[in-house]
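Data first, discussion second: the structure below is written as structure tokens.
The values are calculated or read from the model by the stated rules, or taken from the named source; none is laboratory data. The structure presented is a predicted model; accordingly, all values stated were derived computationally and were not measured. Heads up, the Cβs are rebuilt from the backbone with ideal geometry, glycines too, and the neighbour counts pull from every protein chain shown.
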């Protein structure tokens, strides 16, 4: 097929994009490259591009080392897997560092090796933070582009994001639970870590997407619904692909299981109440997980 549909999933962070990537990567109708987050649309700035290319180059070095170790150990299956990942990462670095006029190189990168696939694409949650004019350019890069935005229960998303950050930033002498709760306290009481709350601004993001993307090219979906067989099938139907084999709702990159402090939970729910209310009024109906937390806010 010479003209596959192009899916660009723009977020939200910690709202099931890794799960969806895995499901689509394994789908027989789809061709997704080995790198989930391409970071094309958020690296037009020279400094951002340089940082991203450096990060990808570091990952490429790791792939090369892993491949050499696998070859030395006679693990042929791992060598073949790493060869694919090395080739995809090398292509990605070349694309990001190359000519961006008309976005042709980006579109070619997504479609390289697609064969008869009906869908190609990428999933980069950071795109949700882009300005509306760049999102509009993304949506109109080709006639067959579709933009997907996933939302997860605001409290669950916030806590998952905070836990992930705590795991990455904690010192050797720190525990994830204490680090995560201290970070959440600063968010609620000091207004710190604004990048975390920005990733959960569903009201602002959905309004921006609706202004920038033609209605027929945009889908806003709930992660909780996607994890159910009918929800994943609905996304597949919107994308024009078969429902595929649904293997359940095993989370991907869920992060460490640590408890939120009881005194922080009502404060977090109150901060997030506008998100619950806006989504209920402008997107809804809310999944059961959302309604349960919303009842805690209003009680």
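Of the conditions (1) crowded, with 19+ Cβ neighbours inside 10 Å; (2) within 22 Å of residue 17 (Cα to Cα), residue 118 clears all except one; give me its number.
So residue 118 meets the others, but not (1).
Filter region 101-142 down to the residues that are touching a strand residue (DSSP E or B) at 6+ places or on another chain (Cβ under 8 Å) and farther than 22 Å from residue 85 by Cα and list them by number.
127, 128, 135, 138, 139, 141, 142
Quick one: count up the residues across region 123-133 that are under 26 Å from residue 19 (Cβ atoms) and assigned to a helix (DSSP H, G or I).
5
Which of the residues spanning region 187-197 are part of a helix (DSSP H, G or I) and either in contact with a strand residue (DSSP E or B) (Cβ under 9 Å, 6 or more places away or on another chain) or surrounded by 14 or more Cβ atoms within 10 Å (Cβ to Cβ) (or both)?
To start, the set of residues in region 187-197 that are part of a helix (DSSP H, G or I) comprises 187-190, 194-197.
187, 188, 196, 197, listed by residue number.
It is to be established whether one or more residues within region 35-51 are touching a residue at least 12 places away in the same chain (Cβ under 8 Å) and assigned to a helix (DSSP H, G or I). Talk me through it step by step, then tell me what you get.
As a first pass, look at region 35-51 and keep what is touching a residue at least 12 places away in the same chain (Cβ under 8 Å): 35-44, 49.
Filter once more, keeping what is assigned to a helix (DSSP H, G or I): 49.
Looking through region 35-51, at least one residue is touching a residue at least 12 places away in the same chain (Cβ under 8 Å) and assigned to a helix (DSSP H, G or I).
So how many residues does region 143-154 have that are surrounded by fewer than 24 Cβ atoms within 10 Å (Cβ to Cβ) and either in a helix (DSSP H, G or I) or out of contact with any strand residue (DSSP E or B) (no Cβ under 6 Å at 6 or more places or on another chain) (or both)?
Count: 1.
Say we look at region 285-299 and pick out the residues that are at pLDDT 90 or above and in a helix (DSSP H, G or I); which of these is surrounded by the fewest Cβ atoms within 10 Å (Cβ to Cβ)? I'd like the intermediate steps shown before the answer.
Applying the first criterion (at pLDDT 90 or above) to region 285-299 yields 285-292.
Retained after the next criterion (residues that are in a helix (DSSP H, G or I)): 288-292.
Details: 288: 10, 289: 16, 290: 23, 291: 15, 292: 12.
This residue is 288.
Please enumerate the residues belonging to region 5-34 that are in contact (Cβ under 8 Å) with a residue 12 or more places away in the chain and in a helix (DSSP H, G or I).
17, 18, 19, 20, 21, 22, 23, 24
Of all residues in region 13-28, which are crowded, with 17+ Cβ neighbours inside 10 Å and in contact with a strand residue (DSSP E or B) (Cβ under 6 Å, 6 or more places away or on another chain)?
15, 16, 17, 21, 24
Just to be sure, is residue 50 within 18 Å of residue 126 (Cβ to Cβ) and more than 19 Å from the chain's Cα centre (by Cα)? Please lay out each step first, then the result.
Details: within 18 Å of residue 126 (Cβ to Cβ): yes; more than 19 Å from the chain's Cα centre (by Cα): yes.
Criteria met by residue 50.
Can you tell me how many residues within region 87-96 are closer than 26 Å to residue 28 by Cβ and buried (at least 17 other Cβ atoms within 10 Å of the Cβ)?
Final tally of qualifying residues: 5.
From the list 128, 203, which one is surrounded by fewer than 23 Cβ atoms within 10 Å (Cβ to Cβ) and at pLDDT 95 or above? Walk me through how you get there before you give the answer.
Numbers: 128 fails: surrounded by fewer than 23 Cβ atoms within 10 Å (Cβ to Cβ).
Matching residue, one of 128, 203: 203.
Let's see how each residue does on (1) loosely packed, with under 15 Cβ neighbours inside 10 Å; (2) within 24 Å of residue 120 (Cβ to Cβ):
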| site | (1), (2) |
| --- | --- |
| 40 | no, yes |
| 55 | yes, yes |
| 62 | yes, no |
| 79 | no, no |
| 82 | no, yes |
| 98 | yes, yes |
